[in-house]
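Just so it is clear, none of the values below were taken in a lab; they were calculated from the coordinates. Keep in mind it's a predicted model, so treat the numbers as computed, not measured. Cβ: placed from backbone, ideal geometry, glycine included. Neighbour counts: every protein chain shown.
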Amino acid sequence: MKHLRRAFTILGLVGLGIVVYLNRNDLRSFWSLLRELRWYIMAAVVVVQVGSYWLNALYYRSILRIFSDEVGTLRLFEGALATNFVNYVLPSAGLAGAGYLSQVLSPEVPRGVSVLVQLMRYALSALSVLLMMPVGLGLLYAFGIEQGRSVVGITEASAIAITAGAFALVALVQHEGMLRRVLTWLLRRLRRLITPARSEAIWRFVDQFYQAYHSMVSHKAKMLAPFGWSMLYIMVELTTPYMVFLAFGKVVNPGIVVMAYLFANIASIFGGVFFSTGIFELGMAGILVALGVEFTLAVAVTTVYRVANLLIGLPPGFFYYRKYLASHGEATSPGIRPN
């Protein structure tokens, strides 16, 4: 799998390189655009990006309160940065980040609860993306951008795929009895490889996960706060690429930015199992061009946005990743204590 991820990463970079090569004549003005960049706006981008990680921390705090687990907001902020770093360097459709968050919150929060909290963050973010799609399309049509019609098909197909995947995941989680039977069968088959202590830890994790899941389902109204923070996070994230356009002195239809950002993230969701480099950039730049943005400007905005995004998130994320990596204790919290 490691070699497969590396191969797909290389393919993504090659694809990006081909696109750039085919449009090499248009890139002569790329550096002149960079020289015109308004750095004071880029400084504001840093503030907005840091704020988005703080919103993630507020999401974690709000959903943990459903289980009466109190963790400091600063620690959750550090966990948000570390989880983002893990998801980037270990492409796994977010599973690596979900596992690492349990490391950050251990031992105060049971590992099963931590994984559910992170999976719900992905689910609520996906729901927020779906809700923003009609907003982006509406802005395109309101300002008469006819190229938006070519994006509608892709958008609808992506929305259907995300919705179908979400329903499938919910249906899978709902069938607790079936999952337990399958896990029992697997552990019996692998009993020579899995020690009794490890098997006990797996069952403890499953018990924690489902205890937290049932508690969350019985307190649906309390999920409005986590959803609100997730929605606000997506909206704040959308302002960042628009600010990069402003940094280049360009004012564009907000719908273009919304659709480019959403499509790039959707592409990352489907490609995140194998690689994290190239697919986001290709998705964003491609939609920008499809919606009428000049190729040179589309590449410049995508490059500056992505580089800023990674430079702001990855270095501190690596620092906090190392900080919490040393923590290996199993969660000792006595189950879920719903309010």
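Okay, here's what the table says:
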{"quantity": "Sites residue 41 and residue 185 - FRET efficiency at Förster radius 56 Å, r taken between beta-carbons, to 0.05", "calculated": "0.45"}
{"quantity": "Neighbour-count order for 73, 240, fewest beta carbons within 10 angstrom listed first", "calculated": "73, 240"}
{"quantity": "Over the range 147-256 - Rg/Rh using Cα atoms and the Kirkwood inverse-distance radius", "calculated": "1.17"}
{"quantity": "Intensity falloff of the range 67-146 expressed as log10 I(q)/I(0), Debye formula with alpha-carbon point scatterers, at q = 0.13, 0.14, 0.15, 0.19 Å⁻¹", "calculated": "-0.52, -0.57, -0.62, -0.81"}
{"quantity": "Cα-based equivalent ellipsoid, the range 44-84: semi-axes from gyration tensor eigenvalues, Å", "calculated": "21, 9, 7"}
